[in-house]
Amino acid sequence: MSGAGLDPRTAPKFQVAARVLVGDSQMRKNVRHATKVIQTKRAKVVAEMPDWQKLREAGQAIRQHTLRHLDFYLEQFERNCTAAGGVVHWARNAEEARQIVIGLVKSSGAMGESPTEVIKIKSMTTEEIQLNKALEEAGVHAYETDLAELIIQLGHDQPSHIVVPALHKNRAQIREIFMREMNLPDLGGTPQDLADAARRFLREKFLRVKTAVSGANFLVAETGGVCIVESEGNGRMCLTLPETLISVAGIDKVVPRYQDLEVLLQLLPRSATGERMNPYNSLWTGVDPTQKGGDGPRTFHVVLMDNARSEILADKEARQTLQCIRCGACQNACPVYQQTGGHAYGSVYAGPIGAILTPQLMQMHHAQSLPYASSLCGACYEVCPVKINIPEVLIHLRNKVVKQQSSGFHILANPEVMALKAVAQVFRSDKVFRVSQKLGRLAELPLSHKDGQGVGWIDWLPGMLGGWTQVRDLRVMPKQTFREWFEEREKNKQGANNGR
Amino acid sequence: MDVELIAVGAREDVLRRIRTSIGTPAANAPAIEAEWNTLPREYNRVGSLDREAVLEMLDERLRDYDASVIRIQSGAVAETIAKQLTERGKHRLVIPKGLAEALGEALPAGFEFVVDEGLSTTELDSFEGVVTASTVAIAETGTIVLQNVAGEGRRAPTLVPDYHLCIVRAGDVVENVPEAMTRLAATASLATTFVSGPSATADIEMTRIKGVHGPRFLDVILVT
Ligand code: SF4
């Protein structure tokens, strides 16, 4: 990938990009390794929680409730944040958000000086709007301070995962980037050596640069507070040491009350990095009014950005996309993502969440191939901490794409439309969430054929997943998944149902 | 550049679009509050372990994330601080206002303790470590919660120096996250930091490495 941002408007179709990327065996190895490690860690810490399913239900309910009253909670957040000394800005779209941030950075200097540098905390929202490029063009260099983002920035690369953006690089590749870009004639090759190099490289910037830009994990309407979770302490540096802090947040990031964090702060770390709690969570409200030697920045801005989110809200079936807390668990669990890595998705949001979020952020004008970048196996739904039914949304979006393109070359889309209709029926009738797997079997019916042994194979997925199926034929989903088989057996055995 | 002029009318536009999209007539505050009160919360809101098991769990989980833990009886705080600092070879430390009062004991002699009265970042960088009390600790997650109150102070002093010695009183230890949030609710708007082990990263091949930008060493004295 080049240094140009991942832009769904210009990115090649998933099928094309995937075809190229699955040929990169080093990348595939790195991605497989990383996703496997995180999945194992996640499974372990989730298993520690007997009330995990209850937490998921609460998380889902909190997010749904927030979306139903989004205007109310945003206004409440604005009121409380303002009362605490913060300044709230609103942006209809990416361009407005970029201009607001640039304007704020330029006016943040002491005595009329215009800063030429900012320090930054990893934020997918600022990646979404390609803020760094815009800042650079305005004469402001943004130093990424998260280790993974630093690797990406110095390597002129692009993020491939929402939580661990550089998981497609291994230590040898990172060492090479650091030696070249930090001008280090010598550098050890252990992860510790590499992290130490990053510490030395960034320390001076933390102590010197007076303006910081961040995203936000949660905005608390009740208090006007903001919460950021992180691991390395780079976040705390950016949130605490500068004079000015500018946080860019999608309007979907608000939560009603402080108490709601007791749910989300349990769901997020366990799902994202497989930790019981990530090393640091920061919560702050506005600014400390103490004149000299106060706690944290003296000026604090929040930019509330819509950028198509209000349109997603209008689509009743797809609205749940906005429940997302960006944990990345669906990416790690996705068999397609594990093969292609994140770049094939042509968007900073890769994997299952990217497949549903990106086309919608593009108002279905671009990235129409992404809803097909899935085998509908349902693994994403199963791990999602806020119970977003990703397969359901994928099907819904495929339907939209098919409708949109119902003239022209899409003769082959017709059987899929039929399958989609059948699927819609299933969804309405079956209350078990694992229906998504049954659904996958239905949706693929018109596309599979039987081989000599009577085993079903799919060798051509509707246009889009072609990049993947050209490398490997995809076995059709078994009539019964292992779990379904197992549960049926258990049910027969003891008449009990252990469904979640 | 006047930032006010960049997105004139955006606020009204965004709110209007949201209202149109939601599709139902706007609910009033009491109705929304009533709805919030009915949200399902069947997860564990209170713990089930006895006191000793909770303290044991905190001890184990802090260690699991690379912090070291020293358990002592009250009255031995000052001498334990002295012992721990000597062992670590730390002599010049920054402390928040009101630390001795928060600990209920005078600080040990033989060290240079400098009270943070708004020290600059560069000044903070010259200390070997920081000593603080804490507001709450969460056993299940191995977390210590710091707030901007007497004995804990501003956020920067617990961030810039490379070593953090933190004193936790057994009475402030809760079993799970909901219990902690309940305790913190009254002071929700204070600057708050949850610390779970020393700074770490897993960004390189998912290997957890201790110590990136925050303090690389965290010692906890747990006082019963
Ligand atoms: S969709 Fe669910 S699993 Fe995927 S990133 Fe969002 S919250 Fe996590």
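Worth pointing out:
- Listed pairs A:Lys106/A:Lys205; A:Lys133/A:Lys169; A:Lys106/A:Lys292; A:Lys122/A:Lys316; A:Lys133/A:Lys387; A:Lys120/B:Lys90 exceeding 27 Å between Cα atoms: A:Lys122/A:Lys316; A:Lys133/A:Lys387; A:Lys120/B:Lys90
- Max mean-square fluctuation residue, GNM over chain B, Cα-Cα springs under 10 Å, options B:Asn148, B:Asn44, B:Asn176: B:Asn44
- Dipole of chain B, positive direction: furthest Cα of B:Thr20, B:Val195, B:Ala180, with charges on the beta-carbon: B:Thr20
- Whole-Hz couplings from phi, Karplus 6.51/-1.76/1.60, listed for region A:316-321; x for Gly and Pro: 4, 6, 9, 3, 4, 3
- Here the Karplus relation 6.51 cos²θ - 1.76 cosθ + 1.60, evaluated at θ = phi - 60°, turns the backbone of region A:64-72 into coupling constants of 5, 4, 4, 5, 5, 10, 4, 4, 4 Hz, with x for every Gly and Pro.
- Projecting label points 7 angstrom from Cα along Cα→Cβ for A:Arg180 and A:Asp24 puts them 1.3 nm apart.
- R0 of 41 Å, Cβ-Cβ distance A:Lys205-B:Ile72: FRET efficiency to nearest 0.05: 0.55
- Heavy-atom accessible area for A:Arg98, with the other protein chains in place and a 1.4 Å probe, reaches approximately 50 Å².
- Net length available on complete extension from B:Val46 to B:Arg16 is 6.7 nm, with 0.36 nm assigned per residue and the Cα-Cα distance removed.
- Shown in residue order for region A:17-31 are the 3J(HN,Hα) couplings computed by the Karplus curve 6.51 cos²θ - 1.76 cosθ + 1.60 at θ = phi - 60°: 4, 4, 4, 5, 6, 5, x, 8, 5, 5, 4, 5, 5, 4, 5 Hz (x for Gly and Pro).
- Cα-based reach from A:Lys54 at 12 Å (exclusive), listing aspartates and glutamates while leaving out same-chain residues under 8 positions away: B:Glu42
- Chain pair B, A: total accessible area buried, heavy atoms, 1.4 Å probe, Å²: 8300
- Within a Gaussian network of chain B (alpha carbon springs, distance under 10 Å), most fluctuating of B:Pro30, B:Pro178, B:Pro161: B:Pro30
- In the protein assembly as shown, the DSSP beta bridges split such that about 35 percent are antiparallel, to the nearest 5.
- Spin-label pair B:Glu60-B:Val8: with each label point 7 Å from Cα along the Cα-Cβ axis, the two points sit 6.4 nm from one another.
- The calculated FRET efficiency for B:Glu117 paired with B:Thr24, based on their beta-carbon distance and R0 = 60 Å, is about 0.65.
- Between the beta carbons of B:Thr224 and B:Ala109, assuming R0 = 22 Å, the FRET efficiency works out to 0.35 to the nearest 0.05.
- Partnerless cysteines, meaning none of the other Cys C-beta atoms lie under 4.7 Å away, in the protein assembly as shown: A:Cys81, A:Cys227, A:Cys238, A:Cys324, A:Cys327, A:Cys334, A:Cys377, A:Cys384, B:Cys166
- Residues listed by number, region B:188-224, amide nitrogen under 16 Å from A:Ala172 label point at 7 Å toward C-beta: B:205
- Percent carbon-and-sulfur accessible area, region B:51-223, ignoring ligands, DNA and RNA, probe 1.4 Å: 51
- Solvent-accessible surface ranking, highest first, for A:Phe14, A:Phe201 at 1.4 angstrom: A:Phe201, A:Phe14
The values are calculated or read from the model by the stated rules, or taken from the named source; none is laboratory data. Just so you know, these numbers come straight off a predicted model, no measurement behind them. Don't worry about glycine lacking a Cβ; one is built from the backbone with ideal geometry, like all the others, and counts go over all protein chains shown. Heavy atoms of the whole protein, side chains included, go into the accessibility calculation; ligands, DNA and RNA do not. Shrake-Rupley method; radii C 1.70, N 1.55, O 1.52, S 1.80 Å.
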